[in-house]
Amino acid sequence: MNSRCVSRYRFFFLILATASLITDISFADVTPSSTIEFSSLIINLGFIALGSLFVYVLVLTITFLFNAYKEAQEHKTHAHTEEVESSALNPQLNRRSFLSLLGLAWVAFTAATLGALSGVVRFLFPNVTFEPPLKFAAGAPNTYSLGVDERYKEAHRVWVVRNTEGFYALSTICTHLGCTPNWLQAEQKFKCPCHGSGYYITGVNFEGPAPRPLPRFNIVLTDDGLIQIDESIQYQQELGQWGLPGSFLDYKG
C-alpha cells in the first residue's frame, strides 16, 4: 500500500468521523417539536457510520496482514535476515503508521457508536419530554372562521372546527391505522390517504375501513377569553360522550 492509498484511507476516515460528530451535535440540538421520524434518521445515520468504520478497520487489517505476509515471504526467499528482523511491512506502511491509522479508526468507531446510542436514548424517555404539551391555548374565538381550521394540525394533531353554535376539537389521527386524513374543502369531508376512510366534518365516519368516529378533545374558554384544548381528555361518539361538558364549546359571539 503506497502513501497515496494511505492518504485516501485517512481522508475516508476523517469524513466518517466528521459525520458521526455531526450526528451527535444534531441530536443534541433536537427541539421538543422534533418528530420520531427525525430521531429514526439520526439512529440510521449513526449505524451507517458505525458499519462503514467497521468495514474500514477490517480492510485496513487485512491489508496490513497481507503486506506483512508478502514482505516476509520475499525476505525469506532472499535470505535477508536483518531486514526480516527490522521490519515485516512494506516501507510505505510500517508498523507505526498502521497502529496510528488503527488507533484513529477506533476513535472514529467509538464516536459513531456514541452517535447511534444517542439516538437510541431518545426512546428511553417518556414522550412528554419530547412531544408538545397536551393542554395548550388555541387563540381567541374571533380569530376563527366557520369551518375547519388546520393551524394546529402539525404541532398538536388537532383540527379546530367552528359552526354556528360554537367549537369542537377533533383528533387528526385516523381510527383505522393511525394515518393523518386530509380535509377536502370542496367535498366537505376528511379523507384518509392510506386506506380511504372518510369522515364528515363532525368527525363521524361514513366510508372506508375506519371502525369509529374521530374522537373529540376537551375544549373550553379560559377566564382571559382564549380557547383552551386539552388532549388528555377525549370524548368518543360511540360511547355517547359528545354530549358531555367540554366536548363542545358553546360560542355565538
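Side notes on the structure shown:
- Any hit, the range 124-135, residues being at pLDDT below 95, under 18 Å from Q234 (Cβ atoms) and in a strand (DSSP E or B): yes
- Selection status of K153, among the basic types (K, R) and under 28 Å from the mean Cα position of the chain (by Cα): yes
- Applying a threshold of 8 Å to beta carbon distances and a minimum spacing of six or more residues, or different chains, the list of pairs starting in the range 218-242 at a residue that is in contact (Cβ under 8 Å) with a residue 40 or more places away in the chain and ending at one that is loosely packed, with under 11 Cβ neighbours inside 10 Å and outside any strand (DSSP E or B) reads Q228/T222.
- Residues in the range 140-164 that are of a type in the set (S, T, Y) and outside any loop (DSSP other than H, G, I, E, B): T143 only.
The values are calculated or read from the model by the stated rules, or taken from the named source; none is laboratory data. Remember, it's a predicted structure, so these values are computed and weren't measured experimentally. Here the Cβ is made from the backbone with ideal geometry for all residues, glycine too, and neighbour counts use every protein chain on show.
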